[in-house]
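The values are calculated or read from the model by the stated rules, or taken from the named source; none is laboratory data. Note that the coordinates shown come from a computational prediction; the quantities given were computed from them, not determined experimentally. Glycine also receives a Cβ, built like all others from the backbone with ideal geometry; neighbour counts cover every protein chain displayed.
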Amino acid sequence: MAVINMAAKYKTTVKEPGTPGVLRMSEDKFIFVPNDPRSAMKLNVNFRNIKGHKFSKDGSKQALLNLTQDSEKGGGYIFEFDNFSDRNVCRDFVGKVLGKFQAVTSSRQNEQPVPEKPAATVHSEQLSTTEMERRMKLLWEDSELQKLHKQFVIGGVLTESEFWATRKSLLDDVVQRTPKQRAGFRSAMLADVRPSTDGRTNKVTFSLTPEIIHQIFAEKPAVHRAFLNFVPIKMTEKDFWTKYCRAEYLHRTKNSVAAAAEAAEDEELAVFLKHDDILANEARCKIRRVDPTLDMEADLGDDYIHLPDHGILRDGSKETADAENELARRTLSQDLNRHATVVLEGRALDVELGDTRTAAEALARSKQAELCTETSDEKTNQERLEKVSRMTEIEDLQAPHSLPYAPLCIKDPREYFDSQQANAVKALGDTGAGIKPVDFSLKTEEAYTYLLEQISEVKVRGLNNLVVQPEATLKVLNGLNPYLSSTKYHLGKKPQECVLDMLPNRTKDELLHHWTSIQELLRHFWSSYPITTAYLYNKVLRLKDAMTHIYHKLQEIKEAVQSDFRHQVSLLVQPMLQALDAAFAHYDTEQQKQSTKSGNKPNGFVQ
Amino acid sequence: MKFQIEDVTVYFPYDYIYPEQYEYMVELKRALDARGHCLLEMPTGTGKTVALLSLITSYALARPSPPLKLLYCTRTVHEMEKTLAELRLLHSHLPPTHRSLALGLSSRKNLCVNPYVLSSASRDSVDSACRRLTASWVRAAAAEQPPGAVPTCSFFESYDRAASSGPDAVLLPPGVYTLGDLRALGREKGWCPYFLARQMIRYANVVVYSYQYLLDPKVAGIISREMQRECVVVFDEAHNIDNVCIEALSVSVRRQTLDGATRNLHRMAQEIDRFKATDASRLRAEYNRLVEGLAQRGNLALTDAWLSNPALPDDILKEAVPGNIRRAEHFLSVLRRLVQYLKGRLQTENVETERPVDFVASVSSQAGIDQKMLRFCYDRLHSLMLTLEITDTDEFLHIQTICDFATLVGTYMQGFSIIIEPFDERMPHIPDPVLQLSCHDASLAIKPVFDRFQSVIITSGTLSPIDLYPRLLNFNPVISRSFTMSLTRDCICPMVLTRGSDQLPVSTKFDMRSDPGVVRNYGRLLLEMVAAVPDGIVCFFVSYSYMDGIVNSWNEMGILQDVMQHKLVFIETQDVVETTLALDNYRRACDCGRGAVFFSVARGKVAEGIDFDRHYGRLVIMFGVPFQYTLSRILIARLEYLRNTFQIKEGDFLTFDALRQAAQCVGRVIRSKADYGMMIFADKRYSRHDKRSKLPGWILSHLHDAHLNLSTDMALHIAREFLRRMAQPYDKAGTGGRKTLLSQEDLEKMGEDPMNMF
């Protein structure tokens, strides 16, 4: 890995101004050299001492990176960078280095008997952070997977990529799911910025975050347009927002005289106070597409030929608003409606909320796209008509419509159905009644006559269409028989009860764990054949070692259990052992083939 | 399904029918048989509209001669759309030989397809933009000039060409035409949908339009003139019909109106001078025509049609126009004197209330205009403007208003009063003088409807007390009945909340409403409910100003922010466009499962005709009792009139009016028996018997005694229980003795044994 040099300021606390200098990071340590050679703030720290790193959000005030020494003590090294891109380079570097160190230390902590092999690090391909996050998420969600990962990857049996190669589909699922889950706007009215006063002076403070700014842009198109027009040609971004806040303050204090005076003086400020003409246009567009059964605009003056001042003017229900004021009064109700509309539209941006300018431009782009899609008016009209006709029907006077539905997605079917079954059983136990046991018992004569009939039938027709091979059936039956007879003797009555439940918890967990581990190992083992590269050969070797390890473990378990369970356990372990035996046998034969071949090829393996 | 009611085969568009729908149809049929008027109250959510449409259509099919026409009046255009949608559903279930024509009619603004006309912003300018292209003299000028020199409307021209070969050429095929369908058809064929619809109402079997088209004499004179006696007129959602009648005959004159009228008069004087110089014969012709009377006005071109006389036209048509206003200059000077007189009256410092008789006497003595001249003002103006070929009618609205006022004042001596207020009661520092001619007698406007048509059906979800309406509207129904609702399960849950979570009373009584404790308690109530109730919640407040105030206070207190954690908030404003969009968004928020709250006003536009059924409204909260603004002079005058004429006590009327509004607001949650919803009346005054008993029976019967005096936490508990209960599966058809859903079989069985029906 390369070495990074970056200009930065070193600080011991966030507040202090910091010492300017150069931060130099290499694979195992970082060095800070202050610009001022007299300064005592020289650093030379090994990454081994760094436990973690924190950083400020993109778009916040300072581009900070904090390398924490110890999570308990909280001490650390804080660096401030000139801009976020510099910081992000350093952040990513630190992340990688720390990740490597942590992997090594954790593998040591686990004290696996497998010798530490460089394979784990050598093969650590450059992963994107998103890929990394996805993997972490999967591990986090699935504890079983996490266990396997810990055992084999950190244990060094499998490499990271090998482990994930067989789980591509899982990862892809996560990938596919992510774009659907775009976060919309928050319900809270952020754009309604409330000023805070310090109480001593007449100063009021407005604080704007990127999220608030984004919401302001979405809810107030006039401000958005003004921003695109004015910044940075006419004024700086800071000036722009100062003006905006000033206008907001005037609006909030309901000082219409002062607002009018300011607006007359300052035409940019007036933009914020004036009636939003973009919104008005939008409303005019939208009103055409509104459901006709709630279009109240159509009533307005539907009294055939309309005369003003008709009807009862001043009965208290109508308020005569003075619309003469040119700076139209923006009411809270309008703000609320506008906010809810924007939230409902959920116009999410694909850019990160960092730079205000890019956010503003992205919003403009998405609006443009929206305009383009609005052309398919005919279709929406049709849909609307269908909806109206559906709405008019009284639903319980007729047969129900079959509405389209989304299929139920169960993340882990096994877990779901098992828990359902358990619940059902529990419910049965609670109510006491349950399903009545069906009487399957036949009299001996009946059974006999039935069998006799069957036999005679077979005699006549012959065994011409076999479902299974008789030999195979017999083998399976023989295999199962002792098992059946013994389990029947012990548990028999309740089919829901499982042999596993009888065992002590520790043994059960171990058995289940080994079962999954064996499956994982075997999958890798069989997929490695035919061995074509040295790498695969190494892998098989590793796998074989791990398998022998588990094999011994299983034997141990078998011997360790109490005598009354021993038979059960050995029955359970049997198939695992058989599977492993088969793998070993295959390995041995392959090995023999290899050795006979290797006589011809002295330099080793097939490349 | 298809079944018999006595001798009529009824086609019903569903497989099942509610028993109350069946009963409703039986009563309706009896009223039609008796050729009389009727008054029917049926709870919302029992399919009133479809029952009505289905019976009347079937009845018309069973008795083909004389052809029975249905005039279905709705309050609003969106209700018109809903009705037409139901009608369309019914139509698809009629036998194919029995197809009929049904259409909706609205103003030019909603029907026009001419892009040039549509580009004008307000509805008045749409009207005059249309007139500028289609007036008879404009078309005549266009015919003389080379094509393109005078712009005309291509849609109207091609329609006119098609119609000139006989009415059959433009006859629409049978079917149901909504406003959208008419527009689409107009675009496709190149015909003007507005004039097509106007022409088609003569041939249609069902016409759906707004109340005004029958109740406002100015409009009814043109649109509904040709309707024959064999019409069934239905006023749906008619709980406010008395107010509509009163509004149709009320006019107010403000200072802006008078200024505008002065400008109009000035311009007309210029026009007259111009005509005198160029075409004096025209004015002379008009004079001669006026001598003979106004009766010949009928043969005007379709497009020149004007508003008719605002009073009942029959009395006036037979008389000749008084001699002293026949000449155009004389008439203008009369109008000038009238405007001047009104200006003088507006300069008063005090509130004045006068009867029309006194007012007319005072006009006569001070301005020299007698009653007969006043009465003819409107028609005379109409005639003059036609003569002067004025097309930009939207410029002349002010003088029309003045003449309208004059004609009304000159015609009616009873049931009106004139109120002059120098400023609005609530804003005494802003001078805004208004002269209001307010009608108190709802029966005046509706009288011609009752007289002309054989059956008038007044129906709504809330007509309680049902004996009050015949008195207010002055008619004798042959049948007046209030139906209850048979429910399969208790799917409505009305509650009266009297106390907040701190056990202090809540109310919108004037002295309590701005108390921060009450505001907070109302806010807490909403907050608790928003967290517990799924999908849509609707809140009704007593007035716009109260809603604005309380929403602002909630915003300051942070309650609104907490509410927004759970649901999006939408608010009705006085801007109709914004409210419509807010409603549309509210529905979408409910559809997508996000859930929303809608704040609305009890007497506002939303409360009037928007349904909050199913997931669009699982809970309605009525904050306070929506009393009218009792200090209003108009209301005081009206109450006095009601007391003197009908012996109705002021308090009773106010309570009746408030409770019908409240019931109307909460009644919007239920659409069918499968639907469910809660209603919270949040005011301590609802627990009093005199208030509560005015609610319609179907709400009262579900209002348990235990739910009469709740605090917020108890209401929350009840709400949770209710929602849990509603989530359980149930038997739709109803169990036990009483069925709540009838199939065709059940109906046939009932038909055989009519004595045992209910």
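Could you say whether any residue in segment B:415-423 is within 11 Å of chain A (Cβ to nearest Cβ) and touching a His at 6+ places or on another chain (Cβ under 8 Å)?
Within segment B:415-423, one or more residues are within 11 Å of chain A (Cβ to nearest Cβ) and touching a His at 6+ places or on another chain (Cβ under 8 Å).
Is it true that some residue in segment B:608-616 is closer than 27 Å to B:Leu659 by Cβ, buried (at least 24 other Cβ atoms within 10 Å of the Cβ) and more than 8 Å from chain A (Cβ to nearest Cβ)?
Residues of segment B:608-616 that are closer than 27 Å to B:Leu659 by Cβ, as a first pass: B:608-614, B:616.
Imposing the further condition that a residue be buried (at least 24 other Cβ atoms within 10 Å of the Cβ) reduces the set to B:610, B:612, B:616.
Then drop every residue that is not more than 8 Å from chain A (Cβ to nearest Cβ), which leaves B:612, B:616.
Yes: segment B:608-616 contains one or more residues that are closer than 27 Å to B:Leu659 by Cβ, buried (at least 24 other Cβ atoms within 10 Å of the Cβ) and more than 8 Å from chain A (Cβ to nearest Cβ).
Identify, from the list B:Val77, B:Val50, the residue that is surrounded by 23 or more Cβ atoms within 10 Å (Cβ to Cβ), at the interface with chain A (Cβ under 10 Å from one of its Cβ atoms), under 21 Å from B:Ile610 (Cβ atoms) and out of contact with any Gly (no Cβ under 9 Å at 6 or more places or on another chain). Outline the logic, then answer.
Numbers: B:Val77 fails: out of contact with any Gly (no Cβ under 9 Å at 6 or more places or on another chain).
Going through B:Val77, B:Val50 in turn, just one is surrounded by 23 or more Cβ atoms within 10 Å (Cβ to Cβ), at the interface with chain A (Cβ under 10 Å from one of its Cβ atoms), under 21 Å from B:Ile610 (Cβ atoms) and out of contact with any Gly (no Cβ under 9 Å at 6 or more places or on another chain): B:Val50.
Yes/no per residue for (1) within 14 Å of chain B (Cβ to nearest Cβ); (2) in contact with an Asp or Glu (Cβ under 7 Å, 6 or more places away or on another chain); (3) at pLDDT 75 or above:
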residue	(1), (2), (3)
A:Glu361	no, no, yes
A:Gln368	no, no, no
A:Cys372	no, no, no
A:Ser376	no, no, no
A:Lys379	no, no, no
A:Met391	yes, no, no
A:Leu397	yes, yes, yes
A:Leu408	no, no, no
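Just give me the residues in segment A:530-552 being outside any helix (DSSP H, G or I) and touching a helix residue (DSSP H, G or I) at 6+ places or on another chain (Cβ under 6 Å), in sequence order. Can you show your working first?
Taking segment A:530-552 and keeping what is outside any helix (DSSP H, G or I), we get A:530-533.
Residue satisfying the conditions is A:Ile531 alone.
What's the number of the condition B:His440 fails, among (1) at pLDDT below 90; (2) over 26 Å from B:Asp33 (Cα atoms)?
Failing condition for B:His440: (1).
Quick check on segment A:421-440. Is at least one of its residues modelled with pLDDT of 65 or more and within 14 Å of another protein chain (Cβ to nearest Cβ)?
no
So in segment B:516-559, with the set limited to residues that are buried (at least 20 other Cβ atoms within 10 Å of the Cβ) and among the small types (Gly, Ala, Ser), which one is nearest to B:Ser711 (Cα to Cα)?
Taking the candidates together, the pick is B:Gly523.
Determine, yes or no, whether B:Leu101 is closer than 24 Å to B:Gln199 by Cβ, surrounded by 21 or more Cβ atoms within 10 Å (Cβ to Cβ) and either of a type in the set (Asp, Glu) or more than 10 Å from chain A (Cβ to nearest Cβ) (or both). Before the answer, list the steps.
Values: closer than 24 Å to B:Gln199 by Cβ: yes; surrounded by 21 or more Cβ atoms within 10 Å (Cβ to Cβ): no; either of a type in the set (Asp, Glu) or more than 10 Å from chain A (Cβ to nearest Cβ) (or both): yes.
For B:Leu101, the condition - closer than 24 Å to B:Gln199 by Cβ, surrounded by 21 or more Cβ atoms within 10 Å (Cβ to Cβ) and either of a type in the set (Asp, Glu) or more than 10 Å from chain A (Cβ to nearest Cβ) (or both) - is not met.
Looking at segment B:506-525 only, could you name the residues that are free of Cβ contacts under 8 Å to residues at least 24 places away in the same chain and of a type in the set (D, E, K, R)? Steps first, answer last, please.
In the first step, residues of segment B:506-525 are kept if they are free of Cβ contacts under 8 Å to residues at least 24 places away in the same chain; the result is B:510-512, B:515, B:517-518.
Answer for segment B:506-525, where residues must be free of Cβ contacts under 8 Å to residues at least 24 places away in the same chain and of a type in the set (D, E, K, R): B:Asp511, B:Asp515.
Inspect segment B:716-729 for any residue being under 17 Å from B:Gly624 (Cβ atoms) and not assigned by TED's automatic domain parsing to the domain that holds B:Gly45 and give the result as yes or no. Talk me through it step by step, then tell me what you get.
Within segment B:716-729, the first condition is being under 17 Å from B:Gly624 (Cβ atoms), and the residues that meet it are none.
No: zero hits.
Please enumerate the residues belonging to segment B:667-689 that are part of a helix (DSSP H, G or I) and either touching a Ser or Thr at 6+ places or on another chain (Cβ under 7 Å) or of a type in the set (S, T, N, Q) (or both). Please lay out each step first, then the result.
Narrowing segment B:667-689 to residues part of a helix (DSSP H, G or I): B:667-669, B:684-687, B:689.
If the condition is that a residue be part of a helix (DSSP H, G or I) and either touching a Ser or Thr at 6+ places or on another chain (Cβ under 7 Å) or of a type in the set (S, T, N, Q) (or both), then B:Gly667, B:Arg668, B:Lys684, B:Arg685, B:Ser687 are the ones that fit.
How about segment B:253-268: which of its residues are farther than 23 Å from B:Arg327 by Cα and among the hydroxyl-bearing types (Ser, Thr, Tyr)?
Within segment B:253-268, B:Thr257 is the sole residue that qualifies.
Just to be sure I understand, how many residues within segment B:209-254 are away from chain A (no Cβ under 12 Å), aliphatic (A, V, I, L, M) and not in a helix (DSSP H, G or I)?
4
Can you pull out the residues in segment A:516-548 that are surrounded by fewer than 16 Cβ atoms within 10 Å (Cβ to Cβ), under 19 Å from A:Leu577 (Cα atoms) and either in contact with a strand residue (DSSP E or B) (Cβ under 7 Å, 6 or more places away or on another chain) or not polar (S, T, N, Q) (or both)?
A:Arg523, A:Trp526, A:Leu541, A:Asp545
In segment B:488-514, what count of residues is obtained for those that are part of a loop (DSSP other than H, G, I, E, B) and touching a helix residue (DSSP H, G or I) at 6+ places or on another chain (Cβ under 9 Å)?
Within segment B:488-514, the subset part of a loop (DSSP other than H, G, I, E, B) is B:488-491, B:500-504, B:506-514.
From what is left, the residues that are touching a helix residue (DSSP H, G or I) at 6+ places or on another chain (Cβ under 9 Å) are B:488-491, B:500-502, B:504, B:506-509, B:512-514.
Residues flagged as part of a loop (DSSP other than H, G, I, E, B) and touching a helix residue (DSSP H, G or I) at 6+ places or on another chain (Cβ under 9 Å) within segment B:488-514 amount to 15.
Filter segment B:224-246 for residues that are under 14 Å from B:Tyr72 (Cα atoms), more than 10 Å from the chain's Cα centre (by Cα) and of a type in the set (A, V, I, L, M) and give the result.
Passing the criteria: B:Met227, B:Val232, B:Val233, B:Val234.
Here is a list: B:Glu81, B:Glu86. Which entry is in a helix (DSSP H, G or I) and either farther than 19 Å from B:Gln21 by Cα or not assigned by TED's automatic domain parsing to the domain that holds B:Ile222 (or both)?
Result: B:Glu81 is the single residue among B:Glu81, B:Glu86 that is in a helix (DSSP H, G or I) and either farther than 19 Å from B:Gln21 by Cα or not assigned by TED's automatic domain parsing to the domain that holds B:Ile222 (or both).
Go through segment B:389-428 residue by residue and tally those that are at pLDDT 80 or above and either assigned to a helix (DSSP H, G or I) or not hydrophobic (A, V, I, L, M, F, W, C) (or both). Lay out the reasoning, then the answer.
Within segment B:389-428, the first condition is being at pLDDT 80 or above, and the residues that meet it are B:389-390, B:395-423.
Then drop every residue that is not either assigned to a helix (DSSP H, G or I) or not hydrophobic (A, V, I, L, M, F, W, C) (or both), which leaves B:389, B:395-412, B:414-415, B:417, B:421-422.
The number of residues fulfilling the criteria is 24.
Examine segment A:32-39 for a residue that is surrounded by 14 or more Cβ atoms within 10 Å (Cβ to Cβ), of a type outside the set (A, V, I, L, M, F, W, C) and in contact with a helix residue (DSSP H, G or I) (Cβ under 8 Å, 6 or more places away or on another chain), and state whether such a residue exists.
No: segment A:32-39 contains no residue that is surrounded by 14 or more Cβ atoms within 10 Å (Cβ to Cβ), of a type outside the set (A, V, I, L, M, F, W, C) and in contact with a helix residue (DSSP H, G or I) (Cβ under 8 Å, 6 or more places away or on another chain).
If I go through segment A:236-259 residue by residue, how many of them are part of a helix (DSSP H, G or I) and more than 24 Å from A:Arg338 (Cα to Cα)?
As a first pass, look at segment A:236-259 and keep what is part of a helix (DSSP H, G or I): A:237-252, A:256-259.
Next cut, more than 24 Å from A:Arg338 (Cα to Cα) only: A:237-239, A:257-258.
Number of matching residues: 5.
Tally the residues that are within 14 Å of chain A (Cβ to nearest Cβ), within 23 Å of B:Ser545 (Cα to Cα) and in a helix (DSSP H, G or I), restricting the search to segment B:627-659.
So the answer is 7.
I'd like to know if segment B:116-134 contains one or more residues that are more than 14 Å from chain A (Cβ to nearest Cβ), assigned to a loop (DSSP other than H, G, I, E, B) and not charged (D, E, K, R).
no
Of a type in the set (A, V, I, L, M), out of contact with any strand residue (DSSP E or B) (no Cβ under 9 Å at 6 or more places or on another chain) and assigned to a helix (DSSP H, G or I): which single residue out of B:Leu444, B:Leu472 fits that description?
Details: B:Leu444 fails: out of contact with any strand residue (DSSP E or B) (no Cβ under 9 Å at 6 or more places or on another chain).
Within the list B:Leu444, B:Leu472, the selection yields B:Leu472.
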